Amino acid sequence: MSAYLDFLARKAQFSGRCGFAPTFVHPAAYDFQSHLVDWACRQGRAAIFADCGLGKTLMQLTWAHNVVRHTNKPVLILSPLSVSLQTVDEARKFDLDCTRSQDGAVTAETVTTNYERLDKFDPDNFAGVVCDESSILKNFDGARKAAVTEFMRKVPYRLLCTATAAPNDYIELGTSSEALGHLGYTDMLTRFFKNDQHTVKPTTYRHGGRDFKKLENAAKWRFKGHAEIPFWRFVCSWARACRKPSDLGFDDEDFILPPLTEESHLVEARSNPDGKLFALPAVGLDEQREERRRTIRERCERVAELVNGTGQPALVWCHLNEEGDLLAKLIPDAVQVSGKDSDDAKEEKLFGFARGDARILITKPKIGAWGLNFQRCAHVTFFPSHSFEQYYQGVRRCWRFGQMRPVKVDVVTTEGEKSVLANLQRKARAADQMFSQLVDQMHDPEHIDTDRKFTVREELPSWL
């Protein structure tokens, strides 16, 4: 019986608050950073949604050091590709004990590794786990996302850190809630959202050199009539958000960003879509994909005109392999990071650009848009896509606190992709609204108590 109870204990997800009072404040930390670390330690399982350049690495390293002091067990920091190297550099700068491990070895009080290597680590060896750039979780396939969530369930202290919690897609916050051990993803949906209907959603897949379409049911969720404010209160019970220190009541003096200029470049396609006399905005994903592939050369040549001969660093984002390969030919002094590169090669090139080894970096957002510091670069080019998060993170590699120069973003598109750009702008407004809701609820004096529980006891009607 004892063995079975031990088995259940190992399988059980920790519940309730498990925080503690921190005993270490890093002398280099700003007041708002120390405030967030103190709150996260007392919370035990928390999320910090702080904008790029606000020092999330120092905060998570300080949080980890407090967990080690409290438990005498190490902490694991999970991060996107190349960011673990950057985390070790930051730890060295702040005189904190952190090493990188790729094989599961625990060689310091804080160990950092890439998400892709999580399977080599045993959760029983750690008292705490940090998910750096945690918004990337929703981009993983189901198996990897489940593996990260399952790993975290076995560790008592948990911290999620990201700048873009779930831009313009509120229900994705359920991924964070579930990973922290609060409401599960499905439970959160049923509590705060209503499933309006199931719509038939066509998707395209390729097999044997041919394109096929299949129909899938796609649930449409919206807030229940009474649930929007309670939802944000729920999120604020385990998360803190800030775009600048003043969102938390602190001084912005050292965190004022230089100007950002965004310019759209509309290039003319040299050919028209099949069966059409002139270019029209693409309708639907199929037409948008066809438009993107049909105009690769025109768009890449425009990007090359914008970055060649300037003598200044530039960060060039693309989405297709053909785009990256052509850009590499058109921009002689560029280095390309592509999907076919090994993880070690990707890390070396990405980190090399951060060091200044190359003037121009060409890569895809899904490879290098998370967590890296490229403040040495003040020029970004982008082909628009429907992912606001990729655009936001891609721009924020350069336009972040610590950048000393104005940043220029050139968005290169075609007539057919105007609707894609418009959708991106709509999502930007939705993301700003989400952050504003979080900040507003954090400062609501009625609901600032983080001990608030969303476990109201249900009572049966008297006639039952």
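Output the peptides 90-99, 154-163 sorted from most to least packed, where packing is the average of other Cβ atoms within 10 Å over each peptide's residues.
Numbers: 90-99: 17.1, 154-163: 24.1.
Descending packing order for the listed peptides: 154-163, 90-99.
Name the residues of the stretch 74-94 whose amide N is less than 16 Å from a point 7 angstrom out from the Cα of residue 119 along the C-beta direction?
Within reach of a label on residue 119: no residues.
Compute the distance in nm between two label points, each set 7 Å from the Cα along the Cα-to-Cβ direction, one at residue 270 and one at residue 321.
Using points 7 Å along Cα→Cβ, the separation is 2.3 nm.
Where Rh denotes the Kirkwood radius from the mean inverse Cα pair distance, what is Rg over Rh for the stretch 67-189? It would help to have the intermediate numbers written out before the result.
Working: Rg = 14.2 Å, Rh = 14.7 Å.
That ratio equals 0.96.
Is there a quick way to get the dipole size of the stretch 38-139? I mean about its Cα centre, with the Cβ of Lys and Arg at +1 and of Asp and Glu at -1; what is the value in debye to the nearest 20? List each step's numbers first, then the result.
Working: 11 positive and 14 negative charges, 38 e Å.
Taking the Cα centre of the stretch 38-139 as origin, the dipole is about 180 debye.
Give me the distance in nm between label points sitting 7 Å out from Cα along the Cα-to-Cβ direction at residue 105 and residue 252, one decimal.
My value for the distance between the label points is 4.7 nm.
Rounded to the nearest 0.05, what FRET efficiency is calculated for residue 28 and residue 89 with R0 set to 22 Å and r the Cβ-Cβ distance? Display every interim value, and only then the final one.
Numbers: r = 15 Å, r/R0 = 0.66.
Given R0 = 22 Å and the Cβ-Cβ separation, E is 0.90.
So if I restrict to the alpha-carbon atoms in the stretch 353-435, what is the Rg, and what is Dmax, the biggest pairwise distance, in Å?
Rg then Dmax for the stretch 353-435, in Å: 13.4, 39.
7 Å from Cα along Cα→Cβ at both residue 18 and residue 430: what's the point-to-point distance in nm?
The modelled label-to-label distance comes out at 3.4 nm.
Through the Karplus equation 6.51 cos²θ - 1.76 cosθ + 1.60, θ set to phi - 60°, convert the phi angles of the stretch 251-265 into ³J(HN,Hα) values in whole Hz; use x for Gly and Pro.
Couplings: 7, 8, 3, 8, 10, 10, 6, x, x, 10, 10, 10, 10, 9, 10 Hz.
Taking the convex hull of the Cα atoms, report for the stretch 325-401 its projected area averaged over all directions, in nm². Could you put the intermediate results ahead of the total?
Numbers: hull surface 20.7 nm².
Computed as one quarter of the Cα hull surface, the answer is 5.2 nm².
Rg and Dmax in Å for the stretch 260-435, alpha carbons only: what are they?
16.0, 51
Cross-link list 145/340; 138/224; 145/418; 145/194: which exceed 28 angstrom alpha carbon to alpha carbon?
Values: 145/340 23 Å; 138/224 23 Å; 145/418 33 Å; 145/194 24 Å.
Table pairs above 28 Å Cα-Cα are 145/418.
Bear in mind that the values in this text are calculations on the coordinates, not laboratory data. These figures come from a predicted structure and were not determined experimentally. Cβ: placed from backbone, ideal geometry, glycine included. Neighbour counts: every protein chain shown.
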